[in-house]
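First the structure, in the form of structure tokens, and then the observations on it.
No lab work stands behind these numbers, since they all come straight from the coordinates. Everything quoted here is computed from the prediction, not taken from an experiment. Cβ placement follows ideal geometry from the backbone for every residue including glycine, while neighbour counts extend to all protein chains displayed.
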Number of protein chains: 2
Amino acid sequence: MIKVVLDCFGGDHSPDANIDGAVRALSELTDLHLILTGDEAILKEKLTGKDFDASRVTIVHAPDVIDTSMKPTDAIRLQKESSMMKAVKLLRTDEADALVSLGATGALVSAALLRIGRLKNVIRPAFCPILPTMTGGIVGICDTGANVDITPDHIQQYAVMASLYLECVYGIESPRVALLNVGVEEEKGDDLHKNAYQLLKNTPGIRFIGNMESRELLSGDIDLVVADGFSGNVLVKTTEGTALELLKKLKKDIYSKTIYKIGAGLMKKMFMEEKEFMNYQNYGGSVLLGTAKVVVKGHGSSKAVAVYKCIEQAYRMEKTELNGRIEDALTAIANEPWHEAQRKREVMRFRRRIFRRRCAGSQMRD
Amino acid sequence: MIKVVLDCFGGDHSPDANIDGAVRALSELTDLHLILTGDEAILKEKLTGKDFDASRVTIVHAPDVIDTSMKPTDAIRLQKESSMMKAVKLLRTDEADALVSLGATGALVSAALLRIGRLKNVIRPAFCPILPTMTGGIVGICDTGANVDITPDHIQQYAVMASLYLECVYGIESPRVALLNVGVEEEKGDDLHKNAYQLLKNTPGIRFIGNMESRELLSGDIDLVVADGFSGNVLVKTTEGTALELLKKLKKDIYSKTIYKIGAGLMKKMFMEEKEFMNYQNYGGSVLLGTAKVVVKGHGSSKAVAVYKCIEQAYRMEKTELNGRIEDALTAIANEPWHEAQRKREVMRFRRRIFRRRCAGSQMRD
């Protein structure tokens with residue numbers, strides 16, 4: 001039995017979307033046990049009349065909802081009775097194997113780091129959301145903002161962790177990994193990316209295909225994009241933003257003339273499919289790779305289908321023992337003298353470059 | 001008379017697109033003098049039969065075309081007879097006021113830096129392309145990849161230079177400037193962006209409206225996005241890539257069924273307008289701000305209309321004396337003790353943060 005705890009509050013459509021997603025997950029995944037955290041009275045009322053196997057559901061009472069405006073560290077300290085922190089506590093005490101939450105990202109990342117901790121040899125956990133490609137497949141992006149100030153070995157770990165994630169959860173064998181950069185040539189980019197490239201080129205167990213430019217993201221030629229959290233964040237949000245704005249414009253233009261409305265009427269099915277294809281709700285949440293227990297962060301605006309997908313992601317990660325594999329792979333790299341030496345070399349090179357640049361800068365301009 | 005030199009080779013559609021763009025520019029801008037660099041025999045042949053004022057055109061013979069595969073510094077040194085380097089030389093010797101080229105970006109940036117030089121007080125020149133917004137306006141993005149390893153004061157200068165550019169060339173009064181970041185709150189982002197935020201907040205003469213997330217780019221609420229060259233590059237290429245991939249998918253889906261083809265037939269005019277709206281050819285090139293002479297880099301795939309727009313951009317920049325204004329604004333900031341002190345403070349803070357982090361990292365992990 002795989003025990004997943006679902007934080008039932010904190011999303012825009014909580015708790016209804018969470019409950020509906022939970023009920024669907026229970027019917028589709030037969031060895032899933034769900035622990036629901038949140039206001040017990042509300043949860044019980046919402047569950048009344050739904051058709052599900054009650055023996056596989058536990059409710060843990062948590063009267064509060066996490067406050068998104070609060071500083072993450074304050075939220076952890078002061079909001080112990082919130083549905084999110086109660087869920088985190090269940091993970092910490094081994095009463096649950098995995099956690100799904102739609103609540104405040106900052107609080108969740110901080111709680112995961114401070115309360116649950118990292119897997120052995122993991123420097124920093126990282127986010128890995130999934131986007132659909134134009135060829136009908138998917139592409140993973142790691143990291144998209146869990147960490148912003150990093151060194152080249154962070155990116156190396158993202159490649160190892162997310163490759164295993166795509167293999168285990170999506171069945172993509174030996175995913176093609178590309179480094180997000182400003183050009184495809186080996187010597188492109190800033191110090192961080194130049195050193196990361198050298199490290200990725202010699203990392204065992206991954207299929208590194210070189211640098212990529214962001215315009216290739218949806219082409220289907222890449223399975224996994226590794227990026228520093230800052231540009232990874234820009235990449236994902238720009239893709240979402242552009243797609244949404246274009247659809248909005250298209251809709252507005254269609255409504256501007258009767259003839260367009262008639263034309264669009266004939267194409268209704270196609271437009272619906274298009275919309276469904278681009279609906280991020282169908283691709284689940286952003287998993288946090290590298291934490292000691294499985295953590296999945298769903299979009300704040302998740303509806304039932306997205307909640308279900310998030311639970312399924314968490315379930316599969318646990319079922320395929322992803323965390324154990326990540327630990328093994330990173331330990332193997334750390335124990336292999338040649339690779340470990342190279343890791344240290346590239347990180348030191350990066351630091352020296354940064355240092356030299358700062359010194360040169362201060363002579364030149366101050 | 002404003003003298004613009006046009007590098008007639010190096011683009012995908014050169015020299016035909018360049019010649020046609022030049023002819024249009026000559027007819028629309030009456031006090032423009034164009035110097036065309038490239039193979040004289042070819043250029044003369046292509047110009048035959050075109051209707052233009054020959055007294056405002058000079059041809060400078062340059063038998064070579066810049067080699068995009070060559071390292072930029074080698075290209076400058078070894079390809080002196082190329083149309084690009086000849087054009088750069090004309091700028092250097094004051095025979096021309098401004099330069100338009102569609103050739104290799106790396107070579108052009110290096111040549112601009114090493115042969116033409118920077119304006120007084122400019123740390124590094126930066127690119128500033130323009131994109132259309134969904135409300136029918138435009139948004140500028142500075143920088144998109146001229147520099148990747150930077151300090152907070154680079155970003156401050158981008159804001160000053162590009163604000164003046166939007167005012168002079170596009171008539172946008174007091175443009176709303178936003179800093180590209182991973183969240184809108186003041187404390188978001190890495191060290192670079194945190195310090196840049198503080199600097200921008202106190203920069204005189206610009207209208208800083210705070211951080212922005214990349215999904216707001218096309219909303220029309222922002223006139224100018226300032227970004228480090230790396231994430232700015234990701235921002236622009238992702239926007240272009242997503243729009244193109246979506247249009248491609250739409251087209252493919254339309255051709256999959258007869259009923260869709262009929263529907264699309266009724267909407268043909270709308271789709272054409274949509275395509276035209278998103279066609280980057282209509283928005284000119286990426287100007288390089290901060291060089292001692294005006295330099296405009298057109299897209300390699302520019303057609304005649306894009307070449308014309310590039311020439312127009314260069315012409316307007318020179319006509320409105322943009323470079324003089326940039327120099328005045330940056331000198332004013334440098335001479336104002338309080339702002340200069342703040343600039344140094346934020347840069348030093350950034351360096352110290354980086355240094356501390358590197359030290360902490362090396363204790364923790366090595």
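Data table
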read-out: Equivalent ellipsoid, segment B:309-357 (semi-axes from 5 times Cα gyration tensor eigenvalues, Å); value: 34, 17, 4
read-out: Low-density loop cleavage sites - GluC sites (Glu not before Pro) in segment B:127-220, where at most 11 other Cβ are within 10 Å (DSSP); value: B:GLU173, B:GLU187
read-out: Normalised contact order of chain A, rounded percent, pairs of Cα under 8 Å and 6 or more residues apart; value: 22
read-out: Mean-position separation - Cα centroids, segment A:155-211 and segment B:202-222, in angstrom; value: 32
read-out: Antiparallel DSSP beta bridges within the protein assembly as shown, percent to nearest 5; value: 25
read-out: Modelled label reach - A:ASN202, point 7 Å along Cα→Cβ, segment A:305-348 residues with backbone N closer than 19 Å; value: A:330-348
read-out: Alpha-carbon radius of gyration plus Dmax, which is the widest Cα pair, for the protein assembly as shown in Å; value: 27.6, 91
read-out: Calculated label separations, B:ASP12, copies of the chain, 7 Å along the beta-carbon direction, nm; value: 3.7
read-out: Overall form of segment A:1-89 per C-alpha gyration tensor (a/c, 1.5; a/b vs b/c); value: prolate
read-out: Restraint check, B:LYS46/B:LYS275; A:LYS194/A:LYS249; A:LYS44/A:LYS269; A:LYS86/A:LYS237; A:LYS188/A:LYS344; A:LYS89/A:LYS303, Cα-Cα greater than 32 Å; value: A:LYS194/A:LYS249; A:LYS44/A:LYS269
read-out: Distances in nm from A:GLU28 to the matching label points in the other copies, shortest first (labels 7 Å along Cα to Cβ); value: 5.3
read-out: Lysines with Cα under 20 Å of B:LYS319, excluding same-chain neighbours fewer than 8 positions away; value: B:LYS3, B:LYS120, B:LYS293, B:LYS297, B:LYS309
read-out: Under 17 Å from the B:ILE259 label point (7 Å along Cα→beta-carbon), backbone N, segment A:265-285; value: A:265-275
read-out: Of the GluC sites (Glu not before Pro) in segment B:258-366, those whose Cβ has at most 13 other Cβ within 10 Å and which sit in DSSP loop; value: B:GLU321
read-out: Estimated inter-spin distance, A:SER301 and A:GLU321, nm [label 7 Å along Cα→Cβ]; value: 4.0
read-out: Computed E for A:LYS120/B:PHE355 - FRET, C-beta separation, R0 30 angstrom, nearest 0.05; value: 0.55
read-out: Residue mean of other protein chain beta carbons inside 10 Å, A:147-153; value: 4
read-out: Mean Cα-pair separation over length for segment A:150-260, i.e. relative contact order, pairs under 8 Å, 6 or more apart, %; value: 30
read-out: FRET E, pair A:LYS252, A:GLU186, Förster distance 35 Å, beta-carbon r, rounded to 0.05; value: 0.20
read-out: Kyte-Doolittle mean at least -0.5 and Cα axial length at least 30 Å: DSSP H helices in chain B; value: B:229-254
read-out: Three-way shape label, segment B:244-366, alpha-carbon gyration tensor, a/c 1.5; value: oblate
read-out: Chain A shape via C-alpha gyration tensor axes, a/c threshold 1.5; value: oblate
read-out: Label geometry 7 Å along the beta-carbon vector: A:GLY300 inter-copy distances in nm; value: 4.1
